[in-house]
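Asker: Structure incoming, see below.
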Amino acid sequence: MREKLFVGNWKMHFTLREAKAYFEKFLTLQSKNPLSNRIIGVAPPFTALFYVKSLLKATYIKLVAQNAHFAEKGAFTGEISPVMLKEIGVEYVILGHSERRHLLGEEDEFISKKVTSVYNIGLKPILCVGETLEEREEGETLERVSSQVKIGLQGLKSLQPQNLVIAYEPVWAIGTGRNATPEQAEEVQSFIRKVLEELYGKETALEIPILYGGSVTPENVGELMQMPNVDGVLVGGASLDPEKFYKICSIEV
Ligand code: PGA
């Protein structure tokens, strides 16, 4: 059985004080109704990672980083190494997020180096892929997503399927309030599963969780999660409200 994952991506939000208030609320909600059969992760900004780890001690919530460099150390001003992330208890790392691709110019080859390094160090990459509106309108969605997956994973010749996560995040759906329909998500995510099958064989491909991301809310998460190849969600905006994120995480799986 594939794992079900719910990951909140805080992006560049929350000071330490705000992070503390967030978890006071979230942990109170979950203590009344613990969530089992699923993995819940939160990706705070780098400055809050270590502090959030201390707040989450004795909970089942996983610590997720929003990015990493591929090098273990070196002269890379402003970057963070996967070794440093591992040391403080990070378990997953979001890589290739569309904001980094489009606002910061990260390309497939560069993302691929990070995926390989993060994976080899023993962290779990969450590789984000997705087409722009223009690519969708030109009928290039599957081609674009296929090359993002293939290049992104080119350094991983064999893998433990439970140590990798793919997130399908159509660029036009991120932060826009316009989520993909469940059918649109399923079309691309079942296609991603086929690409994974080509790369690693059927058995392994069936074990890799594929998340959907892009304007996920408590209202639409249920129908998205009904789809056979939607194994969880990567949530931006709605994860900033602990009640909304709790609602999203607590749907039946
Ligand atoms: P959103 O962001 O939920 O605000 O659309 C999703 C993401 O960027 O991962």
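The values are calculated or read from the model by the stated rules, or taken from the named source; none is laboratory data. Fair warning: this is a prediction, and the values are worked out from it, not measured in the lab. Heads up, the Cβs are rebuilt from the backbone with ideal geometry, glycines too, and the neighbour counts pull from every protein chain shown. Only protein heavy atoms, including side chains, enter the accessible area calculation; ligands, DNA and RNA are left aside. Shrake-Rupley method; radii C 1.70, N 1.55, O 1.52, S 1.80 Å.
Asker: Just name the residue that is nearest to the ligand (Cβ to nearest atom) out of those in region 197-213 that are under 17 Å from the mean Cα position of the chain (by Cα) and of a type outside the set (Val, Ile, Thr).
Answerer: So the first thing to find is which residues in region 197-213 are under 17 Å from the mean Cα position of the chain (by Cα), and the list is 207-213.
Still in the running and of a type outside the set (Val, Ile, Thr): 207, 209, 211-213.
On the way: Glu207: 23, Pro209: 15, Leu211: 9, Tyr212: 10, Gly213: 4 Å.
Per the criteria, the residue is Gly213.
Asker: Next up: For the subset of region 26-45 comprising residues that are surrounded by 14 or more Cβ atoms within 10 Å (Cβ to Cβ) and part of a helix (DSSP H, G or I), which member is nearest to the ligand (Cβ to nearest atom)? Full working, then the answer.
Answerer: Of region 26-45, the ones surrounded by 14 or more Cβ atoms within 10 Å (Cβ to Cβ) are 26-27, 29-30, 35, 38-45.
In the following step, the residues that additionally are part of a helix (DSSP H, G or I) were identified as 26-27, 29-30.
Values: Phe26: 17, Leu27: 22, Leu29: 20, Gln30: 20 Å.
Among residues in region 26-45 that are surrounded by 14 or more Cβ atoms within 10 Å (Cβ to Cβ) and part of a helix (DSSP H, G or I), the one nearest to the ligand (Cβ to nearest atom) is Phe26.
Asker: Next question, about the same structure. Looking at region 1-33, which of its residues are farther than 17 Å from Asp241 by Cβ and either in contact (Cβ under 8 Å) with a residue 12 or more places away in the chain or in contact with a Pro (Cβ under 8 Å, 6 or more places away or on another chain) (or both)? Outline the logic, then answer.
Answerer: Taking region 1-33 first, the residues farther than 17 Å from Asp241 by Cβ are 1-5, 16, 31-33.
Correct list: Arg2, Glu3, Lys4, Leu5, Leu16, Asn33.
Asker: Working only within region 5-19, note down all residues that are of a type in the set (Lys, Arg) and either under 19 Å from Glu169 (Cβ atoms) or surrounded by 16 or more Cβ atoms within 10 Å (Cβ to Cβ) (or both).
Answerer: Going through region 5-19, the residues of a type in the set (Lys, Arg) turn out to be 11, 17.
Matches in region 5-19: Lys11 only.
Asker: In region 157-211, how many residues are within 21 Å of Arg100 (Cα to Cα) and out of contact with any strand residue (DSSP E or B) (no Cβ under 9 Å at 6 or more places or on another chain)?
Answerer: Counting residues in region 157-211 that are within 21 Å of Arg100 (Cα to Cα) and out of contact with any strand residue (DSSP E or B) (no Cβ under 9 Å at 6 or more places or on another chain) gives 6.
Asker: When you scan region 174-249 for helices (runs of 4 or more DSSP H) that lie fully inside it, which ones turn up with 2 or more residues that are open to solvent by 30 Å² or more (accessible area, probe 1.4 Å) and under 28 Å from Gln160 (Cα atoms)? Reasoning before the result, please.
Answerer: Details: elements: 182-200, 202-205, 221-225, 242-249.
In region 174-249, 182-200, 202-205 are the helices (runs of 4 or more DSSP H) which contain 2 or more residues that are open to solvent by 30 Å² or more (accessible area, probe 1.4 Å) and under 28 Å from Gln160 (Cα atoms).
Asker: For Glu109, state whether it is surrounded by fewer than 16 Cβ atoms within 10 Å (Cβ to Cβ), assigned to a helix (DSSP H, G or I) and more than 16 Å from the ligand (Cβ to nearest atom). Write out each step before concluding.
Answerer: Details: surrounded by fewer than 16 Cβ atoms within 10 Å (Cβ to Cβ): yes; assigned to a helix (DSSP H, G or I): yes; more than 16 Å from the ligand (Cβ to nearest atom): yes.
Yes, satisfied.
Asker: Here's another thing I want to ask about it. Go through region 7-25 and report how many residues are among the hydrophobic types (A, V, I, L, M, F, W, C) and assigned to a helix (DSSP H, G or I). Show your work before the answer.
Answerer: Kept after step one, since they are among the hydrophobic types (A, V, I, L, M, F, W, C), are these residues of region 7-25: 7, 10, 12, 14, 16, 19, 21, 23.
Going one step further and asking which of them are assigned to a helix (DSSP H, G or I), we end up with 16, 19, 21, 23.
Total meeting the criteria: 4.
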